[in-house]
Number of protein chains: 2
Amino acid sequence: MSILITGAAGFIGCNVVHRLLEQGHRVLGFDNFCRGSCSNIETALTNRQFSFERVELAELASFEAAARSFHAFEPITEVWHLAANSDIPAGISDAQVDLRDTFMTTFNTLEVMKRLGIGRLAFASTSAIYGDLKGAVMHEDIGPLLPISNYGAMKLASEALISAAQESWLARAWIFRFPNVIGTPATHGALLDFVRKLQRTPGRLDVLGDGTQQKGYLHVTELIDAMLHIRERAAEPLAYYNIGADDAGVTVRFMAEQVVAAAEPGAAISYGEGNKGWVGDVPRFFYSVDKLRALGWKPRFGSAEAVQRAVQEIVAQEHCV
Amino acid sequence: MSILITGAAGFIGCNVVHRLLEQGHRVLGFDNFCRGSCSNIETALTNRQFSFERVELAELASFEAAARSFHAFEPITEVWHLAANSDIPAGISDAQVDLRDTFMTTFNTLEVMKRLGIGRLAFASTSAIYGDLKGAVMHEDIGPLLPISNYGAMKLASEALISAAQESWLARAWIFRFPNVIGTPATHGALLDFVRKLQRTPGRLDVLGDGTQQKGYLHVTELIDAMLHIRERAAEPLAYYNIGADDAGVTVRFMAEQVVAAAEPGAAISYGEGNKGWVGDVPRFFYSVDKLRALGWKPRFGSAEAVQRAVQEIVAQEHCV
């Protein structure tokens, strides 16, 4: 198969690129290097099965032109749309960020696919579409869907467009509702923040919130395992699955302690107040992965082991910078 | 209060304009006359409490400028955002239609409100956000939300943005999920289609589908009663309510027969096949209005009486054209 990956130079995108190349696919990557970085695809660029183009996906004409020129001699059979804003607070203070990077990239991906006749779409959605369900278990068919961040809103909007497209012209769609994903190359997130804070102010780690906020974490390698499993096994033309750790998660306190232990044993951790890190951040929640388990997949690592692995990788990454 | 109404020259918009003027409010109307028409607000324009400006709401800069110049001498305290595409099939064949007219108008409404510091928003959503729930009762908290038209998708996207805004800076929001609304000035819909078809081909009415498709209908005067009731009574800062007839609805066959009886008794009705009128049209569904009833409101007319009234009004309207 010949697969287009948007956001190919981002954290998850570059990991997907590597995996699909390993599987023997022809891979085309698009990225605007806004959050993704060229260094993330350096290795892939040495593979002749990989092509890359720097494209602004929010601009339909240039996106279409880039896809069309590749498609003309190597027909694209599937798209993995992973490009999005990943800075939730930035999208809350300026709604244009998620409009452009999270929503219009999806709108344009669908437009390009429709025009080129590409019928298979894998999409990176998020647990943020569920908003704050006040402790209710987040399973795939729950309602109401009232996101509390523009990021969650624009991912829900993207799912809605994909659903309408699937009713009308899109043959297959796989919607993956991502959990908190960790690993390398880390570009954002609490673990990277902690490691960098310790580098800036050695001996001391200031944590936002009281440290009791609890979430499930999945390692990026397992996220990709799960996506490939769903793509292979789900029979429904519009498949939507939560992907996540099969446990109640770990606390911010646990993560801070793991980072200190790996990066600078003995550093003092000080906590703030409250269990919400910022507006739009959902406190401790329970994320059901029963549907995915019923399809025959569960993670090998729990949240704690995923965090421990990611901490080692991120500390190593930051020491190389 | 000083209230901005978007889509003020449309079917529902102009009825809202008249009602809010009757209640003594200062009303500012915006419309691009794409689907709305100047004749719909002729009467209102004679009222000194009403101001109108032709504005392209999908263009943020001109929308903001128009709102800001009014706001400077008469502060806007509330917005009723009613502007949207109303041609569902048009939005399915060209996704840009609902992107621009259904979604970007909402995005820009929120941006303008945020910039001007307006904290109260009433929003016209739709039963189309629910998609095809295969016979399940559509209550406000049901899931999953997988719309089957771009119209439904972009209304769900709008709700999601409003939800995120309410979490962050918007004081109050009322989301009204509209049913099929009928009455005058009719601009689209099955009843108007039937009346016009009979005018074009007297003696014969061709109906799309087999006539068994069944929906609830609400008369526009009752829709406005319900919206005002919710705005007055709902205590929650983000209030979302289905509005609709409190019955299982009437069939397309019933509507065709009512139109024939009123416009041209004795004309022959011929039906097509299947019970879906077009892609994106949801067949017979059951729409719960329990939440609205619990808030103390129910319609005086059933679907059948609403249809009968609207047929009389639309026949009269078309004979005046």
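Pairing each residue of the range A:18-35 that is free of Cβ contacts under 8 Å to residues at least 60 places away in the same chain with any residue that is of a type in the set (Asp, Glu) and in a loop (DSSP other than H, G, I, E, B), provided the two are 6+ apart or on different chains, yields C-beta distances under 7 Å for A:ARG26/A:GLU74; A:ASN32/A:GLU56. Beta carbons closer than 6 Å, at least 6 apart along the sequence or on distinct chains, pair a first residue in the range A:188-216 that is farther than 30 Å from A:VAL289 by Cα with a second that is among the hydroxyl-bearing types (Ser, Thr, Tyr) for A:ASP206/A:SER270.
Looking at this structure, is B:TRP174 among the hydrophobic types (A, V, I, L, M, F, W, C) and surrounded by fewer than 17 Cβ atoms within 10 Å (Cβ to Cβ)? Spelling it out, it is not the case that B:TRP174 is among the hydrophobic types (A, V, I, L, M, F, W, C) and surrounded by fewer than 17 Cβ atoms within 10 Å (Cβ to Cβ).
Scanning the range A:97-152 for residues that are acidic (Asp, Glu), more than 21 Å from A:GLU64 (Cβ to Cβ) and modelled with pLDDT of 95 or more turns up A:ASP98, A:GLU140, A:ASP141. For the range B:207-236, the candidate set comprises residues that are among the acidic types (Asp, Glu) and at pLDDT 95 or above; within that set, the residue that is surrounded by the most Cβ atoms within 10 Å (Cβ to Cβ) is B:GLU222.
For the range A:154-166, check the following and say yes or no: at least one residue is surrounded by 24 or more Cβ atoms within 10 Å (Cβ to Cβ), without any contact (Cβ under 8 Å) to a residue 12 or more places away in the chain, within 10 Å of chain B (Cβ to nearest Cβ) and more than 22 Å from A:ASP246 (Cα to Cα). Looking for residues that are surrounded by 24 or more Cβ atoms within 10 Å (Cβ to Cβ), without any contact (Cβ under 8 Å) to a residue 12 or more places away in the chain, within 10 Å of chain B (Cβ to nearest Cβ) and more than 22 Å from A:ASP246 (Cα to Cα), one finds at least one in the range A:154-166, hence yes.
Only residues that are more than 7 Å from chain B (Cβ to nearest Cβ), buried (at least 16 other Cβ atoms within 10 Å of the Cβ) and not charged (D, E, K, R) were counted in the range A:120-150, giving 13. Tallying residues that are crowded, with 17+ Cβ neighbours inside 10 Å and at pLDDT 95 or above within the range B:237-252 yields 6.
The values are calculated or read from the model by the stated rules, or taken from the named source; none is laboratory data. Computed from a predicted model, the values in this text were never measured in an experiment. Please note: Cβ atoms are built from the backbone with ideal geometry, for glycine as well, and neighbour counts cover all protein chains shown.
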